[in-house]
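Please see the structure below; I have some questions.
A short reminder: the numbers here are calculations on the coordinates, not readings from a lab. All values derive from a computational prediction rather than experimental measurement. Quick reminder, even Gly has a Cβ in these numbers, built from the backbone with ideal geometry, and neighbours come from all protein chains shown.
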Amino acid sequence: MIDEQTVSRRNFLKTSALTSAVFSLGFYWPGSGKAAKIVNAAEANNFGVEMNSWVHIDKSGKVTIFDHRAEMGQGSYQAVPQIVAEELEVNLNEISVVFAQGDAKKYGNQVTGGSSTVRGSYKNLLKLSATAREMLIQAGATKWGVPKIECHAEAGHVIHKPSGKRMHYGELVEAASKLEAPKDVVLKKRADYKLIGKPLRRLDTPMKTNGTAVFGLDKMIPGMLYAAVERNPRLRGKVKSFDDSRTRLIPGVKNVFKVKMGVFNTYREGVAVVADSTWAAIQGKKALKVEWDDTGFEHLDSEEIYKRQAEALKTQEGLAFKKQGEPNEIIAKATKKIDVTYETPYQYHAAMEPLNCVAHYQEDKLEIWGPIQAPEWVQDYISKEMSISKEKVIVNMTFLGGGFGRKAFMDYPHEAAVISKEIKGPVQVVWTREDDATQGPFRPGITYRCEGVIKDGEIDAFKVKLAGQNNSHWRGGKKDVPNGSASEGFLKPYTDSIKNLAIMDIPFETPIPTMWWRSVYASTNGFAYESFLDELAHEAGKDPLDFRRAYLKEDRLQKLIDKIEEVSGWKSRKKGEGFGVAITECFSSTVAQVVKVSKLETGGVKVDKVWAVMDCGWYVNPDTIKAQIEGSVVMALGAATIHQVKFKDGMAVDNNFSTYQMPRIADIPPIDIHIMDNDADAGGVGEPGLPPFAPALTNAIFDLTGKRVRKLPFSLLGV
Amino acid sequence: MMQDPKNGKINFVSMKTATVLSVLLFVIAIGASAFRKDETPVKELTLSMINKDSVESVKAFETVYKVLMSSRCMNCHPAGDIPLQGDDSHLHAMAPKRGVEGKGVYAMKCSNCHQETNTPGLHTPPGNPEWHLPPAAMKMVFQGKSAHELAKQLVDKKQNGNKDIKKLIEHADDGLVLAGWNPGEGRTLPPVSHAEFKKAWLTWINKGAYAPKK
Amino acid sequence: MAKITLNINKKEYPLEADPQMPLLWAIRDLAGLKGTKYGCGVAQCGACVVHLDGEAVRSCVTKVSRAVGKQVVTIEGLSETNSHPVQKAWQEIDVPQCGYCHSGQIMSAVVLLREKPNPTDQDIDDAMAGNICRCGTYLRIRAAIHLAADEQKKAAPQG
């Protein structure tokens, strides 16, 4: 992995984003899966590792922190510095934050997905920052000739209390950079934190209130042209021919050519129009006449997809994801059983910033700027697809105008690179909203058949079968194994404590590409499993929360249930008042939600309030967590009651917000959010708040009306 | 929000709006029934030039009514304070409010989206320099009106924007009325041409502006 | 193509543009002011809202010719120091997540507060219904508008 011959100190300085930095600390990633080792820049040179690092301090004392993860609203731009500043002992408002370039060697896993920014990096970041602090203190102590133990760090200074001497970090960086990094530094106790755990203001907010935050679409580089691409609306289709005669008449249009972009291990074809403004490119695209070759694969309608899923659930048993006891035998023999089907729709990510990417292909390198969730994957993928050595593919992250999973793919940067290569110059490829909305990959719509038997007020048999697309199959994933996320969202203690249980996955494919969407399979599983549990609780004649409590014996879960009970007034509610609950777990965090609904005089129901309690263990910024849960609830509300991707003839029907409606301000109920405090490891924050909302809502509707909603989306006014 | 599960079309309206709207419909229904009388022309129109013929007038109004109740006309003459949208006359997405002058409110003024001309493309804002709803003090509601009620309303100066017969006749060529026949891509035209509509409109008025029985 | 001059944020921009070009692209690509965002292109999402003689128009469907001779104000021109009461309230409440829609949200909110200095929740619903936020910051938008109204009141001369 490390090529000691080719990487030199000179090389490091040349590629370092901050060549004036004197003291740099970073991780050396010895290989995937191994613990990170902390090294400073000088040591890194000895290793022959070309590396940047998270923390840079220059002689003036200016601290720059690299954010190795994408900022798409979830708060990495805040969380990473807040963690680093805590152990480094610097003021948060005195540091600069810079997005790191994609490089797995320097930053480890940079893929901003799976709610992993904090939980995946915080231990290393704490250690790194504490190490830097200790080295600076040592440098100060040595300089003054006093014992290190008499010195401490505070607000960017090293202080010798007995003498009252103090020096700012800038004066010490040179000496510190020559020290060897200490091995085992002592981290602060949680009770001593000054920054972590506090609802500090986000560092990126001011840039987002005056238009200065640079999103992908805002990136401009000298000489840049603009491109829009008419892509085949069916992923597997090809360009048969195209007529660009009208396109070429549009002032500003410079070039028109066929283009092929990689979408994982398949390719999407289209025709690119390159012009001197976005508008001219879009006009040129509209004027194209393209004939597609869409032979060789099925063109499905939504109705057909769901018909096939229903049929599969009736006739097939599927592959066992988890099977224990004798669920089938008990269900077969039972005189009374629940046998219900839940249907969930395909969804579109609909980030407010449509996909876009700037690429500049030059003979010796390719540089990319864009709203990118997975810079290292982009680097990897393009390097392979275009046969450019990896270090010559430079991937820069801008701010992301939302991501929700879609901006973790490599297709749009690859396409931009291909177009730049063709025109031999820098280009920004702009996806129109219509492109963005119709081309996927989408969240798969999954149908679940749930069968259960209650005996003596307890679950005697529990069986869930799911039929829906596996996101890995169309990318070449193994098809003879069940979906590894068949129960994502469903709390593990249930599968541990229910004796007779089966979770079966029926392989199901269509030519429609599917992929991650905020909270992934938990976003649909949560609805099925938690609605089914509610139905079982009612069958058992038990309070839905008490019923769940009996299976969730872990101390953390009991405390979470206590809290949601307390804040929502669960125990003092009256039956039939319209309260519903759901609890799901994903990305190592558990969220309980209670939803309260009431009847509208004009028919239908309205959501009065949502209570949410999150247990995400160790956390950085409670206000960021609250914001993420607010957003998750809004996104879940839309997916449960407003929008879905429908297909006709193998293509997505709705192509813009005029028909693919979004929740708007008047639709949003008050949301009351609480965070559990404990010493457990950090869990995810950006996604776990989404899955419990839909089932809590439909469970509340059942409580109010006696009507069970088993198909999403549904109309609140139609209930 | 509201979603019709049958056709999957989505109408956007806040819960509060839905309540207000149904109350309004109720009030209008009660109010309208109080005016119901038989085929009597309204005073202001009994001019010597009028060649009265209740049969022909009422017959012409059939065409007028069909046009006025088509989505191209009715959508901007809603019963509530939110315009309608589309061939199925669902509540306008994002629930823009009428406002005092009928030109919208705050950041949601009609002309913020509706330009002087139609915006190209499907599901894009149609345009007209005068794009607006009737003002709050003179709502000129079409939605939910019977032919009888609508005919009465059209000639009632207190309900028609103080239009006398001359102004009513001129109104057939009003810019916004004409906009109904230039609705933008993907929208159905009114059931008859503008020429046929105008002919029926003039016939109805010139023959006495009689209101049909129902 | 035609030579036109736009007045954006009190500065003259002589541009060469197709008069049919939406104001949005003239502001972004020709004047180089990137704070105004493209979201849908069909006046559905509000990310592109700018002020045209004080009104919150959607620049994605507004032809550049409509803006000639008028005052265009974009998010960059709302205040010189990020200190308009609405901007300050947005910062105080930490409204944005991804932030992409907030130029438009702020420009809409400013018109609301100019015309209704003490907006009710219903006024806020009515004014902000045209601005989509996919991150779901709506509750904070509401809170920030109320806060800005309070701040505006405090700042206003007494009597």
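Would you kindly compute the Cα radius of gyration of region A:607-719 and its largest Cα-Cα separation (Dmax), both in Å?
That works out to 16.2, 52 Å for Rg and Dmax.
Let me have the relative contact order for chain A, percent, based on Cα pairs under 8 Å that are six or more residues apart. Kindly include the intermediate steps, with their values, before the conclusion.
Numbers: 1644 pairs, mean separation 96.9, N = 719.
With pairs under 8 Å counted, the relative contact order is 13 percent.
Which one, A:VAL229, A:ALA522, A:GLY197, projects farthest toward the positive side of the charge dipole computed for chain A from Cβ point charges (K/R +1, D/E -1)?
So the residue furthest toward the plus end is A:GLY197.
So which of B:LYS66/B:LYS214; C:LYS10/C:LYS70; A:LYS105/A:LYS478 end up more than 22 Å apart, counting from Cα to Cα? Present the calculation step by step, with values, prior to reporting the outcome.
On the way: B:LYS66/B:LYS214 14 Å; C:LYS10/C:LYS70 10 Å; A:LYS105/A:LYS478 29 Å.
Too far apart for the 22 Å limit: A:LYS105/A:LYS478.
Volume per residue, Å³, of the convex hull around the alpha-carbon atoms of the protein assembly as shown? Present the calculation step by step, with values, prior to reporting the outcome.
On the way: hull volume 225.0 nm³, N = 1092.
Spelled out: Cα convex hull of the protein assembly as shown, divided by residues, is 206 Å³.
Label points 7 Å out from Cα along the Cβ direction at A:LYS574 and A:HIS299: separation in nm?
Placing both labels 7 Å along Cα→Cβ, they lie 5.8 nm apart.
Just to be sure I follow: if Rg is taken over the C-alpha atoms of region C:85-155 and Rh is the Kirkwood radius over the same atoms, what is Rg/Rh? All intermediate terms of the calculation are to be shown ahead of the outcome.
Numbers: Rg = 10.8 Å, Rh = 11.7 Å.
Over the Cα atoms of region C:85-155, Rg/Rh equals 0.92.
Please list log₁₀ I(q)/I(0) at q = 0.11 Å⁻¹ for region A:57-213, using the Debye equation with identical point scatterers on the alpha-carbon positions.
-0.46
Over region A:309-385, consider all pairs of different Cα atoms and compute the Kirkwood hydrodynamic radius from their mean reciprocal separation; express it in Å, one decimal. It would help to have the intermediate numbers written out before the result.
On the way: mean 1/r = 0.0536 Å⁻¹.
When all Cα pairs of region A:309-385 are included, the Kirkwood radius is 18.6 Å.
Using the C-alpha atoms of region A:345-452, what convex hull volume per residue, in cubic angstrom, is computed?
Working: hull volume 13.0 nm³, N = 108.
Measuring per residue, one finds 121 Å³ for the Cα hull of region A:345-452.
Return A:ILE675, A:ILE83 ranked ascending by Cβ neighbour count within 10 Å, so the fewest neighbours appear first.
Working: A:ILE675 17, A:ILE83 28.
Ascending number of Cβ neighbours within 10 Å: A:ILE675, A:ILE83.
Ok, one more. Run through all the Cα pairs of region A:257-402 and give the fraction in each 5 Å bin from 0, expressed as whole percent.
Per 5 Å bin, starting at 0, the Cα pair percentages come out as 2, 6, 9, 12, 13, 12, 11, 9, 8, 7, 5, 3, 2, 1, 0.
My understanding is that a pair violates if its Cα-Cα distance is over 25 Å; which of A:LYS106/A:LYS183; A:LYS333/A:LYS574; A:LYS161/A:LYS188; A:LYS606/B:LYS109 do that in this structure? Provide the component values of the computation, followed by the final result.
Numbers: A:LYS106/A:LYS183 19 Å; A:LYS333/A:LYS574 36 Å; A:LYS161/A:LYS188 19 Å; A:LYS606/B:LYS109 28 Å.
Distance filter (> 25 Å) returns A:LYS333/A:LYS574; A:LYS606/B:LYS109.
Moving on. Only Cα pairs under 8 Å and at least 6 apart count here; give the relative contact order of region C:2-77 as a rounded whole percent.
Details: 152 pairs, mean separation 29.1, N = 76.
Reported as a whole number, the value is 38 percent.
Tally Lys/Arg at +1 and Asp/Glu at -1 over every other residue whose Cβ is under 13 Å from the Cβ of A:LYS563; what's the total? Intermediate values should be presented prior to the final figure.
Working: positive: A:ARG549, A:ARG556, A:LYS559, A:LYS571; negative: A:ASP555, A:ASP562, A:GLU565, A:GLU566, A:ASP615, A:ASP672, A:ASP677.
Taking every Cβ under 13 Å from that of A:LYS563, the sum is -3.
Further, regarding this structure: On the first, second and third principal axes, largest extent first, how far apart are the outermost C-alpha atoms of region A:241-320 in Å?
Taking max minus min along each principal axis of the Cα atoms, region A:241-320 gives 59, 24, 23 Å.
Then there's this: Give the residue list of GluC sites (Glu not before Pro) in region A:394-459 that are DSSP loop and have at most 14 other beta-carbon atoms within 10 angstrom. Walk me through the numbers on the way to the answer.
Values: sites: A:GLU415, A:GLU422, A:GLU434, A:GLU451, A:GLU458; in loops: none.
Within region A:394-459, no GluC sites (Glu not before Pro) qualify (loop, at most 14 other Cβ atoms within 10 Å).
Another question, if that's okay. Starting from the alpha-carbon convex hull of region C:34-125, give the projected area averaged over all orientations, in nm².
Numbers: hull surface 25.7 nm².
So the mean shadow area of the Cα hull is 6.4 nm².
Checking the table A:LYS337/A:LYS575; A:LYS384/A:LYS648; B:LYS97/B:LYS145 against a 26 Å threshold on Cα-Cα, which pairs fail? Walk me through the intermediate numbers first.
Numbers: A:LYS337/A:LYS575 24 Å; A:LYS384/A:LYS648 35 Å; B:LYS97/B:LYS145 21 Å.
Pairs exceeding 26 Å: A:LYS384/A:LYS648.
List, largest first, the extents of the alpha carbons of region A:478-595 along their principal axes, each in whole Å.
Between the extreme Cα coordinates on each principal axis of region A:478-595 lie 50, 30, 27 Å.
Order by neighbour count: C:LEU23, C:LEU139, fewest other Cβ atoms within 10 Å first, most last. Mind dumping the intermediate values first?
On the way: C:LEU23 28, C:LEU139 21.
The order, fewest Cβ neighbours first, is C:LEU139, C:LEU23.
What 222 nm value per residue comes from the helices of the protein assembly as shown, counting each DSSP H run with n ≥ 4 as -39,500 (n - 2.57) and dividing by all residues, nearest 500 deg cm²/dmol?
Numbers: 30 runs with 331 residues, N = 1092.
Helices in the protein assembly as shown give a 222 nm mean residue ellipticity of -9000 deg cm²/dmol.
Where in region A:492-507 is the amide nitrogen less than 18 Å from a point lying 7 Å along the Cα-to-Cβ axis of A:ALA320?
A:495-507
Cut-off under 13 Å on the C-alpha distance; same-chain residues fewer than 8 positions from B:LYS198 excluded. Which aspartates and glutamates are left, in chain and number order?
B:GLU62, B:GLU170, B:ASP173, B:ASP174
For region C:2-77, would you read off the P(r) tail past 16 Å as a percentage of all alpha carbon pairs? Numbers along the way, then the final one.
Details: 1071 of 2850 pairs.
Looking at region C:2-77, the distances longer than 16 Å represent 38 percent of pairs.
Using the Kirkwood radius built from alpha carbon pairs, what does the Stokes-Einstein equation give as D for region A:404-524 at 4 °C and 1.567 mPa s, in µm² per second? Please report the intermediate quantities before stating the final value.
Working: Rh = 17.3 Å.
Roughly 75 µm²/s, to the nearest whole number.
When the C-alpha atoms of region B:127-214 are aligned to their principal axes, what extent does each axis show, in angstrom, from largest down?
Sorted largest first, the three principal extents are 36, 30, 26 Å.
Follow-up question, since we're still on this one. In percent, how large is the relative contact order of chain C, given Cα pairs closer than 8 Å and 6 or more residues apart? Walk me through the intermediate numbers first.
Working: 269 pairs, mean separation 36.0, N = 159.
Once normalised by length, the contact order is 23 percent.
For region A:151-283, what Kirkwood radius comes out of the mean inverse Cα-Cα distance, in Å? Can you show the working numbers first?
Details: mean 1/r = 0.0464 Å⁻¹.
It is 21.6 Å.
Place +1 on the Cβ of every Lys and Arg and -1 on the Cβ of every Asp and Glu in chain A, take the dipole about the Cα centre, and give the residue among A:VAL685, A:ALA652, A:ALA100 whose Cα lies farthest towards its positive end.
It is A:ALA100, whose Cα lies furthest towards the positive end.
Using the Cα atoms of chain C to build a convex hull, what is its mean projected area in square nanometres? The partial results should precede the final answer.
Numbers: hull surface 37.3 nm².
With every direction weighted equally, the projected area is 9.3 nm².
Please arrange C:CYS45, B:CYS113 by how many other C-beta atoms lie within 10 Å of their C-beta, fewest to most.
Details: C:CYS45 30, B:CYS113 27.
Placing the least packed residue first, the sequence is B:CYS113, C:CYS45.
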